[in-house]
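To start, the structure under review is shown below, and the notes come after it.
The values are calculated or read from the model by the stated rules, or taken from the named source; none is laboratory data. The structure displayed is predicted, hence computed values, not measured ones. With ideal geometry, Cβ positions are generated from the backbone for all residues, glycine too; neighbour counts draw on all protein chains shown.
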Amino acid sequence: MLGHELDTPVSGIEGILAHFVARSALQIRSRSGRNMPLVPNRVQREYERRRGQQNIVLKARQLGVSTWIAARFFLKTALVPGSLTVQVAHTQEAAESLFKMVHRFYRLLPTDVRASLGAVRANVRQLAFSAIDSEYRVETAGDRNAGRGLTISNLHCSEVARWPGDASEILQGLRAALIPEGELVLESTPMGASGCFWREWQDAQDAGVVRHFFPWWWEEAYAGKAVAESSLSEEERGLMEQHGLGLEQIGYRRLMQTRYRGLAKQEFAETAHECFLASGDCYFDTTAIDRRIAETVDPVDTRLGGKLQIWFPPQPGRRYVVAVDPAGGGVQGDYTAAQVIDGETGLQCAELQTRCTVLEAAEEVARLGREYGNALIAVERNNHGSAVIAFLRSVCRYDHLFQQGGQDGWLTTVISRPQMLASLACALVETPIIFSSRRLLTECRSFVRKENGRIEAQTGEHDDCVLAMAIALAVRASW
């Protein structure tokens, strides 16, 4: 194959697709408005190399990902009899723009190839190849019935972070319509550390979905006037060394920072963590959070299907605190979270996050307490916490419980809550090394100060691990 073609063997349908695209059978509209062959760029080649059956793509603006996915799925629709491809865009305008590209693929195919497809039915939302009973259609995420009643072979969900309404519900319906062997791609530029796309990105690894991240500098056109080497900041030098950037790219970066200001990291993504800007006013220092997320390592032990994560096993002679933020019970509601910290250093040793009944919560917490040398267990006694405490004493026979004002448990009040959170915020900045959990730090990223003054998780997100850690540090301080 030619140098710009894909390093993919021509065998099976995927090999045929790669070969077909690489030979520039498809035409796209260039930035100057002219039709030109689709020659895969760096991002497209890397996606093709790494893609799986299910994929999620986090990207900077205008890297050609949507174009590549549309091209692949157009060819699969045209070459595989009985295929149904559905492309879902965030707005009607975006849907029409994407579908114009698909129509262009068809219109500009070589004459002999187009003739072999037989009669084609086309309108503003549908391209159907009647001879092979295949169809490519476009939907908008604003349509709550998008994809319902269909049997989808290929599903392309574009700009998921910008889908209106209950995006998770729409996506769930679309996934249900996808055949077991179907190909799925969710792609988007980021928009806030909350919402459907944010959660899909965080959960992708556990769900067996291949994650792809493409920063802005993978697009060769993103270059500006070269800056003077003497003007480089330490951060800029670090980027150049780590990613092989040139002075022209640093010039472009400075221009984008001036033009987009606080949104530059979102629109022109540089890391998979920092590009998810908090949609509200993040309560914690996002720079400290992002830096620590990049430094964290995997736990040395995981149990309960990943619900319990352990970084530092118990050491003889050390004192530990187990702080618990209990949920109401059941498997569909909020999480019960527990944090195990070293009583002397505050080091996060283990973390539990699970949906369970209050009795199950008491049993799991008692097991943790005994494993960590009869640790001091501090349960938030607000609401359902009293039941957890009762089960700890009666059923679990666990007596080493934190007491406050002569009562078992920690009481969170309108006075103590801000103090707890402020202490956690200080620790994130002053001693970030004590935090081990990406799950906790991710929750911190979407913990915001809302317009009504409330400080809590962004709508649709969780803060159980955050509150459990705030209790743990507060108990340690008073111990």
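Scanning the stretch 432-475 for residues that are at pLDDT 95 or above and not in a helix (DSSP H, G or I) returns PHE435, SER436, SER437. Among the residues of the stretch 286-302, the one identified as assigned to a loop (DSSP other than H, G, I, E, B) and in contact with a Lys or Arg (Cβ under 8 Å, 6 or more places away or on another chain) is THR296.
Residues are listed down the side, and each one gets a yes or a no for (1) in contact with a helix residue (DSSP H, G or I) (Cβ under 7 Å, 6 or more places away or on another chain); (2) surrounded by fewer than 19 Cβ atoms within 10 Å (Cβ to Cβ); (3) outside any strand (DSSP E or B):
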| residue | (1), (2), (3) |
| --- | --- |
| VAL113 | no, yes, yes |
| ARG121 | no, yes, no |
| LEU127 | yes, no, no |
| ILE132 | no, yes, yes |
| TYR136 | yes, no, no |
| ASP143 | no, yes, yes |
| CYS157 | yes, no, no |
| SER168 | yes, yes, yes |
| LEU171 | yes, no, yes |
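Of everything listed in (1) of a type outside the set (Asp, Glu); (2) surrounded by fewer than 19 Cβ atoms within 10 Å (Cβ to Cβ); (3) part of a loop (DSSP other than H, G, I, E, B); (4) modelled with pLDDT under 95, the single unmet condition for GLY305 is (3). Candidates SER416, SER423, SER478, SER446: the one that is more than 24 Å from ASP301 (Cα to Cα) and exposed (fewer than 13 other Cβ atoms within 10 Å of the Cβ) is SER478. Tell me, yes or no, whether the stretch 47-58 has at least one residue that is over 29 Å from GLN172 (Cβ atoms) and part of a helix (DSSP H, G or I). Yes: one or more hits. Taking the conditions exactly as written (modelled with pLDDT under 90 and outside the structural domain of ILE433 (by TED's automatic domain parsing)), does GLN249 satisfy them or not? Judged against the criteria, GLN249 is not a match. Can you find a residue that is over 33 Å from the mean Cα position of the chain (by Cα) and at positive phi anywhere in the stretch 357-373? Among the residues of the stretch 357-373, at least one is over 33 Å from the mean Cα position of the chain (by Cα) and at positive phi, which makes the answer yes. If you go through the stretch 458-465 one residue at a time, do you hit one that is within 16 Å of VAL322 (Cα to Cα), over 20 Å from the mean Cα position of the chain (by Cα) and either surrounded by 14 or more Cβ atoms within 10 Å (Cβ to Cβ) or touching a residue at least 40 places away in the same chain (Cβ under 8 Å) (or both)? No, the stretch 458-465 has no match at all. Given the structure, is SER116 among the polar types (S, T, N, Q), over 19 Å from GLY64 (Cβ atoms) and either modelled with pLDDT of 80 or more or under 27 Å from the mean Cα position of the chain (by Cα) (or both)? Judged against the criteria, SER116 is not a match.
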